[in-house]
Every structure is written in structure tokens, then in C-alpha cells.
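Presented below is the structure to which this report refers.
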Amino acid sequence: MKDLDLTIYPDKILRKQLNLVEKVTREEEETLKKMFNLMHIYKGVGLAANQAGIDKQMSVIDLSDGYGPIYIINPKITKKEGTFEMEEGCLSIPGIGVKVKRAQKVTVEALNIEGKPIRIIAEGFLARALQHEIDHLSGKLIIDYLKLPARIKVISAFQKKKKGGK
Ligand code: ZN
């Protein structure tokens with residue numbers, strides 16, 4: 001399998017509703033591990049498959065808190081409690097910070113890297129990371145939380161950057 005590369009906004013795959021994984025196989029396991037490596041190269045705490053150009057509902061999160069990486073496949077948020085606002089960044093939208101209001105506590109149902117159903121109950125920063133990654137899988141980005149004038153400014157800056165090449 002080829003090496004993965006980070007996709008940068010406005011790459012179209014970042015706006016895609018990604019495909020559900022029908023069966024977790026060796027291929028998904030290898031892809032997730034490559035995503036984990038890619039995330040570390042860019043010093044991120046989370047990476048969704050479309051950020052690595054892959055059209056599958058899979059993400060990895062690693063808060064470097066000693067618990068190791070969390071791999072989630074076909075995740076769904078089944079419960080949300082409370083809210084808190086915090087500035088977030090995204091590896092695919094470099095240099096941009098957006099204040100996002102998210103649930104303080106979430107319950108997520110997903111499959112793990114072995115294809116087994118798991119339930120994660122998370123609070124605070126981990127809850128936030130899960131919501132950020134799950135947003136990615138349906139093509140949602142942090143810039144969508146910006147109010148309109150600021151959003152247009154960011155979008156046009158990235159479009160221009162793309163047109164101008166590297
Ligand atoms: Zn992101």
C-alpha cells in the first residue's frame with residue numbers, strides 16, 4: 001500500500017460524506033496505522049481518513065496522555081451533554097484557529113481496529129477531539145463554525161493559495 005499524504009483544504013475529499021466500512025480487514029488496520037504515523041509527523045492529536053485521502057469512515061486520536069491511540073471506525077455520537085467553547089486547529093487548514101462550541105461529554109459507539117464494537121464515554125478535550133474527527137467523516141470542518149464574514153475571508157484565502165500553486 002502506498003504512503004499516505006496529508007490533504008489540505010480546499011481538497012474536495014475533505015467535504016465528502018465518507019463511505020461506511022463494511023468489514024474491518026487487514027487493509028483497514030494497515031491504513032489506520034499509517035494514518036497514526038502521518039498524524040505524528042504533523043504533530044496532530046487526531047486524524048480522519050479523508051485528511052489522508054482515504055474515503056472511509058475511520059479516525060485515529062492520540063492525546064499523548066499515556067492511553068495510546070484510539071482508533072474508531074463508523075463512529076456515531078449517541079449522547080451529548082453540556083457545552084464548552086475552545087479554540088481548535090486542524091492539520092488540513094494550517095494556520096487557522098476557530099472557537100468551536102461543542103458538547104462537554106459525549107458517548108460514541110464505533111468499531112475498533114479489530115472490528116469489535118466499542119463504546120467510548122469521554123469528557124473535555126477527548127470529547128472535543130472525538131467530535132472534531134467525527135465532523136470530518138461527514139465533510140464538516142472547523143471553518144463551518146465561523147460566522148459569515150470571517151468564513152468567507154478564510155475560504156477565499158485558501159482558494160487563492162491553491163490557485164497560486166505552492
Ligand atoms: Zn481536523
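The values are calculated or read from the model by the stated rules, or taken from the named source; none is laboratory data. Everything numeric in this text was worked out from a predicted model, so none of it was measured. A quick note on method: Cβ atoms are made from the backbone with ideal geometry, for glycine too, and the neighbour counts reach across all protein chains shown. Heads up: the accessible areas ignore ligands, DNA and RNA and are worked out on the full protein's heavy atoms, side chains in. Shrake-Rupley method; radii C 1.70, N 1.55, O 1.52, S 1.80 Å.
Quick notes
A quick yes/no check of all residues on (1) within 20 Å of Ser92 (Cα to Cα); (2) in contact (Cβ under 8 Å) with a residue 60 or more places away in the chain; (3) within 16 Å of the ligand (Cβ to nearest atom):
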site: Glu30; (1), (2), (3): no, no, no
site: Met35; (1), (2), (3): yes, no, yes
site: His40; (1), (2), (3): yes, no, yes
site: Val45; (1), (2), (3): yes, yes, yes
site: Asn74; (1), (2), (3): no, no, no
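- One residue stands out in segment 95-104 among those that are surrounded by fewer than 20 Cβ atoms within 10 Å (Cβ to Cβ) and touching a strand residue (DSSP E or B) at 6+ places or on another chain (Cβ under 8 Å): the one that is farthest from Lys147 (Cα to Cα), namely Gln104.
- Selection status of Gly115, at positive phi, more than 12 Å from the chain's Cα centre (by Cα), in a loop (DSSP other than H, G, I, E, B) and at pLDDT 95 or above: yes
- Criterion violated by Gln159 - all others in (1) open to solvent by less than 30 Å² (accessible area, probe 1.4 Å); (2) under 29 Å from Pro10 (Cα atoms) satisfied: (1)
- Every condition in (1) open to solvent by 30 Å² or more (accessible area, probe 1.4 Å); (2) in a loop (DSSP other than H, G, I, E, B); (3) within 16 Å of the ligand (Cβ to nearest atom) is met by Ser92 except one, and the failing one is (1).
- Enumeration of residues in segment 133-155 that are closer than 21 Å to Ala122 by Cα and assigned to a helix (DSSP H, G or I): Glu133, Ile134, Asp135, His136, Leu137, Ile142
- Residue satisfying condition, being modelled with pLDDT of 95 or more and either aromatic (Phe, Trp, Tyr) or within 11 Å of the ligand (Cβ to nearest atom) (or both), within set Ala110, Ala129: Ala129
- Search result, residues across segment 52-89 that are of a type in the set (A, V, I, L, M), open to solvent by less than 20 Å² (accessible area, probe 1.4 Å) and either farther than 18 Å from Leu32 by Cβ or not in a strand (DSSP E or B) (or both): Ala52
- With respect to the stated conditions, Leu32 is surrounded by 15 or more Cβ atoms within 10 Å (Cβ to Cβ) and not in a strand (DSSP E or B).
- All positions within segment 105-153 that are among the β-branched types (Val, Ile, Thr) and open to solvent by 40 Å² or more (accessible area, probe 1.4 Å): Ile118, Ile121, Ile152
- Residue count for segment 97-113 under the criterion of being in contact with a helix residue (DSSP H, G or I) (Cβ under 8 Å, 6 or more places away or on another chain) and touching a residue at least 60 places away in the same chain (Cβ under 8 Å): the result is 1.
- Hits in segment 12-21 - residues which are open to solvent by 60 Å² or more (accessible area, probe 1.4 Å) and over 15 Å from Pro75 (Cβ atoms): Lys12, Arg15, Lys16
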